[in-house]
Structure formats: structure tokens, C-alpha cells
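Here's the structure, in C-alpha cells; my notes come after.
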There are 2 protein chains.
Amino acid sequence: MVTLKDVAERAGVSPATVSYVLRGGRHVSKWTDERVRKAANELGYATNMAARSLKYGRTGVIELVVRGLDVSSIYAKMVTHVKHACSDRGYRSLVMQTEQDSRTLRDAVGEINSQSCDGMLLDAFGLPKDVIDRLNGNRAIVLLDDLSKRPAFDTVVMPHRESSLIATRYLIERGCRRIAFVGADRSDLQVAAGSGEDSARSLRLEGYLQAMEEAGLAVRPEWLIPVDWRYFVGVDVGRGLACDGRLDVDGVVCCNDSLAIGLIRGLADAGARVPDDVMVVGSDGVTVGEFTVPRLSTVALDVPDLVNKGLGMLIERIDGTYDGEPRRVTAGCSLVAKESAGESASAD
Amino acid sequence: MVTLKDVAERAGVSPATVSYVLRGGRHVSKWTDERVRKAANELGYATNMAARSLKYGRTGVIELVVRGLDVSSIYAKMVTHVKHACSDRGYRSLVMQTEQDSRTLRDAVGEINSQSCDGMLLDAFGLPKDVIDRLNGNRAIVLLDDLSKRPAFDTVVMPHRESSLIATRYLIERGCRRIAFVGADRSDLQVAAGSGEDSARSLRLEGYLQAMEEAGLAVRPEWLIPVDWRYFVGVDVGRGLACDGRLDVDGVVCCNDSLAIGLIRGLADAGARVPDDVMVVGSDGVTVGEFTVPRLSTVALDVPDLVNKGLGMLIERIDGTYDGEPRRVTAGCSLVAKESAGESASAD
DNA sequence: TTGTATGCGTTATCAT
DNA sequence: ATGATAACGCATACAA
């Protein structure tokens, strides 16, 4: 490898001078400047980041740690926004993908504790409590969607309740009366009550229940379908809904877009039409939802808002601008009304 | 930060001993071992990776550099596979997202040149020649889809020609005779011929033309539609196809799945049904294609194959096992026959 | 305007 | 079985 020293020798100056030329910081004669740059170029010099980080105590890197980019492409949007926001603030951003298995999570935790990065935006969804506890408390970490009662870190939470509320209200407004909810049931509320900690599932269900109650609509137990929020699960649920006459719903609120897309697929398998036979609303606002048949109505997460809030807190922690109690803020969301909930197919 | 020295002091031993206990490498007495581990635990010690990398000369990190995870979710699949493959081989993997703009690309190049990682899997799609040239030739780099005549690095190329060939043959087999091709036209062939370098577009078109010729089918110029491979472009093309009677095609081969999904959307806007009025085949094999209405027929990229080949070459370069001429291998692909090309909707 | 010297945290070599 | 020490490449305080 080409080092500062190599460049210095070639340019006939000291390593210090090379450093000053390349990084700035003090005045050098034009003659020296040119010689050094020329030498660096000819040798193909590049700063050794390990050495700089060691000296500096920081890496200039912010890591985004998410489980499975392929689980929901909403993460893909986050990656893009984080990248831009980091660039704007002089950081580089890297993405680390974790699985649910504890090994990768442990790796991720080690990552931050070992100062491979200055700060970390860490998706807490499905993150076991003990892993969170193992995080070094005085590192710069912002969690995404940590719903614990007494969070140890700053966290940006998703608008779970709000999202379901908006979606359900919307279906009601569109004329639905018998609305199913896919992704949680009352047992989730019990778990939440028992542990004293909300969950994404319980909050989402609450939003739905609130909207139904507001409208004076009864909720039948079989309308609450507690499943994982994944494509293929949605397919099964859709088939079930269409085949099982008992359910007889005219609207479905899904906890995310994967579920909704799968559900529409399953309904189609069973011969049910969306929105004519049943209306469907998702949540997230994935890009592909704008191109499905029918186009997906959804409550879109405000990703730029989420990223700005998260990164804002993170950088305050890194810079030491803020050093107080863990903060909790909520990301925004907004309704995107499309054909799957009966909106007429406009030209765009 | 807690350093080796801190742990050593607390355990009453030397830093060297702590290092040996934690990393292994020589025998230590049980008594010392215990004391050191206890101290490290109590202090919450974590290895400083910058220091280790500096000493070691390697980071244990492999970076995957792709442009826009959201451009095509095929990248999301790649991320997952790269992650697993790296884990298996003792590396950590990080993802860096670039944009087409030269600034981010320059950053990415700097990344590898500055030894932030031991090796890099770099998506060459849309990568300007001069950026590639700026890459340090003796670093471990494997390019994804570098089609240049005389590549400077090992590269895994996508099965462009093969993919179109398979897709077109399949449509012909399904009974199509008037097949459009979306994503390139003959001007791409001219550009390729002029520069002496193939492009993804020219290769894909060649595959299509070959299949048509094999079957003795004429190709009308207006069937070749040279557009970007993106969702919203597909929508426009779909609307155009359905409205413009002149085209009158019974099958469409799309250069990727985004285009295909958009196209189906556009066709639906114009009242055309897939596959009854026109059959559609995409390319990539994105997950969501299995859940669209209709399910998307596509030529799926063999992502595990791609990743294995790429990472295999990369690690040989890192280890110095191979030091010869740049190699070029092609990733596999296979037809996934679904409803959008008239396959009956089976239960799964 | 430029050069010298020191230390960041780790690991490997030598010595004990 | 363990400790002292040097070196990795860079950035900076200090000296000239």
C-alpha cells in the first residue's frame, strides 16, 4: 500500500507536509503543494481510514441496521433517504442487514460497540430485549420502533395506531361496515396489557378498534386475523376470506403492504374482486403498490420525516449536542387513496 | 472508551496477555484467563476495529456496492445472499448504496482504495468508464455486469442474451407470433457495433431477435421499444400498446420485472387483459412478481449462483489464491412460468 | 514555510 | 506462562 510516507519521499518533503497539503489545515507554498499532489496522484495514494479513525476517534460512518431489505421494500426507501441525509451532513452511510437470528444481531451490536461507526440507526422490530440491553449505553444509537415502556435510547416510532385509525376511518368513509383487520387480534392486546408494553400489533389493532367504535360499528372476533405481516400469509388469508362465507366482510385493513398485496392476490385466487367485492387498505407505501392491479390504497409512512427525525437525534448524540434522557418521537404518515379502496382509476 | 490497557490494569496483567486471552493464540493459565474475562466483561470491553485493522492490514469486511436498492428489488435478494455467503466465509458484509451521480461513485471508489474493506462487489451498471479506470487495479474488486471488451477486473455478467432468448422462445411456444420487445431497439445494436462493446440493451435485444428468427417470425420495427427499465415507463408503454392499434401484438418481452409490472398496469389502464389479450414476460424474478395480479412470468436471475461466483472470485483475490488475468463468468437464469404468459393459475 | 516527535489501540516478536 | 516493546499509518502539537 501507498502511505503518506511514500508520497513524502517522492515529493521530497516530510509526511506532515503531505498530510497538511492533502487535508488542509495550514498554509503550504504553492510549489510544495503542487509537488505533493503530483506525487500522490502518481502513486495512487489513498488515505488509510483505519489509521485515520484510530487517530481521530471517529469514522465518519453512520450505519443503518435493518432486518431483511427484502422483507418490506419500505426499507429500500429508508436506505435512500438515509444516504442522502448522511451525505448532506458529511457522513457516509452503510447498510447492515441482520436476520432475526441472534448471531447476526450480536454482530450488529458488536459493530457499534467496536466503533466501526460513529452512530447507528437500528431497527428494533423483533429485537430481543436482551440484545438491546447489551448495547453500550453511551454509544450513539437511535432505535427504529422500540416501543418499550422505558426506552434506553432515543427512538423513532412508527405511527402504528394512527395508521390503522386513518385506514379504517377511510374504509368506513368509503361505505364499508364489516371491516376485517389482518395482522393482530385481541390476544395481542392482552399480551401488551400483561407486559405493560405496547407492540406494533397491539397499537395497530387499537387504531382499528377506535375507528370502528367512533363509527358505532360492531367488531366480530373472526374479523381479527392474527398473522405475520408477509406476502404469502396474505395470500392464505385472502383465499380464506373469499371462501369462508361466515366472514362476509366488505373491507380489510392490513398491517402492511406486503400483507395487502398478498391478500389481494389470494382474493383473486378465490374469485373475489377488489374493490368491487371487498376493499383493501395497506400500510407503508411501498413503490410497487402504485403499479399493482388494482393500485394499492395505503397509509404511507413518511420516510423522509422518519429519517430526518432519527438522524437528527443521532447526530446530536454523536456531536454531544444533546446528552439528556432518551427521547421518543413518532414518524408521520398519510393516506394514499387508490383503486383498492374504490377510488376511481385516474390517469395517474 | 475501554481499551485493552484498561482491562489489563483491572485484571492485573499486561495488555499482551489480555489480547491473547481474548483472541487466543497462546496458552494462558486458567486463573489468568478467568480474571481477564471477568475484567473485560465488567468494563464492557469491545475490540477497537480501527486499531485491529491498522495492525492487521485487513478489515474482514466485504462491501456490496449497488445503485438504488429501490430501483429493482433484485438487489434486495442479492444483499441477503451476499450476507449469508460472507458469514459462511468469515467476513462481514456491508452495503453501500450509490446513485448515478459521479460524487457517490467517487466515494465508493475511494472506499475500496482506502481499505475500508478487504474487497468489493461493485455493480457496474451505468458506471462510467473513467470511474472504473480510477479504481486501483491491485485491489480486490469484482464487478457485476461489466460488459467492456477488455475488462480490468473479474466480473460476473448477467445472462442478458440468454434471458431474452428464453423469454421470447417461451412466448412463441405459448402461441404468440407478434411479440414486442420493451427496453431496447436497433439503435442499441448500432451503438454496440460502433463502440465494439456490448450493452445490456444490445444483448437482450439480440436474444429476442435470435428467438424470433429461429421461429421464422418477422420483427416489425415498431415492436422494438427503447425505454428505460422502470415501473412508470412500463405504464406508459402499456397504455400505448393497448391504445395504438398499429402495434397489435400478442406478446411482450420486457427487459426487467419493474418494466413488466408497470406494463401490465398500463395495459389494465387501457382495458387490455393479461394474458387473454396479450402475454407478458419479465426478467429478474423479484419476489413481488409472485403476488401480482396476474402473477408475473419471468426469467429469474439465479441470485445464489451470481453471488457464489462473484464472491468466490473476490475471495480468491483477497487471499491471493488467484492472481491472473481478469475472469468473466455469467450468472444463471431460469424460466418461471406463471399466469401473465397464460399459465393456468395453480394453487401455488 | 516546513520538519520532528508523539500517540491512537492492537498484535506480534522478543525476552524473561 | 507472562511481560516489555515495536510497529501499523495518520494527524497534530511543537520546534525550527
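The values are calculated or read from the model by the stated rules, or taken from the named source; none is laboratory data. Source: prediction; values computed, not measured. Here the Cβ is made from the backbone with ideal geometry for all residues, glycine too, and neighbour counts use every protein chain on show. Heads up: the accessible areas ignore ligands, DNA and RNA and are worked out on the full protein's heavy atoms, side chains in. Shrake-Rupley method; radii C 1.70, N 1.55, O 1.52, S 1.80 Å.
Structure data summary
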| item | result |
| --- | --- |
| Selected residue [in contact with a strand residue (DSSP E or B) (Cβ under 7 Å, 6 or more places away or on another chain) and either within 14 Å of chain B (Cβ to nearest Cβ) or open to solvent by 50 Å² or more (accessible area, probe 1.4 Å) (or both)] from A:Cys176, A:Cys243, A:Cys254 | A:Cys254 |
| Single residue of A:Arg92, A:Arg106 found to be of a type in the set (D, E, K, R), open to solvent by 10 Å² or more (accessible area, probe 1.4 Å) and either under 18 Å from A:Leu306 (Cβ atoms) or more than 9 Å from chain B (Cβ to nearest Cβ) (or both) | A:Arg106 |
| Any hit, the range A:26-40, residues being over 30 Å from A:Thr155 (Cα atoms) and within 39 Å of the chain's Cα centre (by Cα) | no |
| Hey, A:Ala260 part of a helix (DSSP H, G or I), over 29 Å from the mean Cα position of the chain (by Cα) and within 13 Å of chain B (Cβ to nearest Cβ) or not | no |
| Selected residue (criterion: nearest to the chain's Cα centre (by Cα)) from residues of the range A:1-16 that are open to solvent by less than 30 Å² (accessible area, probe 1.4 Å) and more than 8 Å from DNA strand D (Cβ to nearest atom) | A:Ala8 |
| Strands (runs of 3 or more DSSP E) within the range B:275-336 that include 3 or more residues over 26 Å from A:Gly271 (Cβ atoms) | B:297-301, B:328-330, B:333-336 |
| Subset tally (residues that are buried (at least 24 other Cβ atoms within 10 Å of the Cβ) and either of a type in the set (Phe, Trp, Tyr) or more than 24 Å from the chain's Cα centre (by Cα) (or both)) for the range A:269-285 | 3 |
| Checklist (1) more than 24 Å from A:Tyr91 (Cα to Cα); (2) part of a helix (DSSP H, G or I); (3) more than 17 Å from the chain's Cα centre (by Cα) applied to B:Asn138, failing item | (2) |
| Residue selected from the range A:118-138 under the condition more than 18 Å from A:Ser202 (Cα to Cα) and either touching a Phe, Trp or Tyr at 6+ places or on another chain (Cβ under 9 Å) or outside the structural domain of A:Arg328 (by TED's automatic domain parsing) (or both), by the criterion surrounded by the fewest Cβ atoms within 10 Å (Cβ to Cβ) | A:Gly137 |
| Leading residue by the ranking (farthest from DNA strand C (Cβ to nearest atom)) among those in the range B:36-58 that are of a type in the set (Lys, Arg) and modelled with pLDDT of 95 or more | B:Lys38 |
| Cross-chain or 6+ apart pairs with Cβ under 9 Å, the range A:12-23 first and within 14 Å of another protein chain (Cβ to nearest Cβ), then more than 6 Å from DNA strand D (Cβ to nearest atom) and open to solvent by 40 Å² or more (accessible area, probe 1.4 Å) | A:Leu22/A:Arg37; A:Leu22/A:Tyr45 |
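For (1) in a helix (DSSP H, G or I); (2) within 12 Å of DNA strand D (Cβ to nearest atom); (3) surrounded by 13 or more Cβ atoms within 10 Å (Cβ to Cβ), each residue gets a yes or a no:
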| site | (1), (2), (3) |
| --- | --- |
| B:Leu22 | yes, no, yes |
| B:His27 | no, yes, no |
| B:Glu42 | yes, no, no |
| B:Leu54 | yes, yes, yes |
| B:Thr59 | no, no, yes |
| B:Asp70 | no, no, yes |
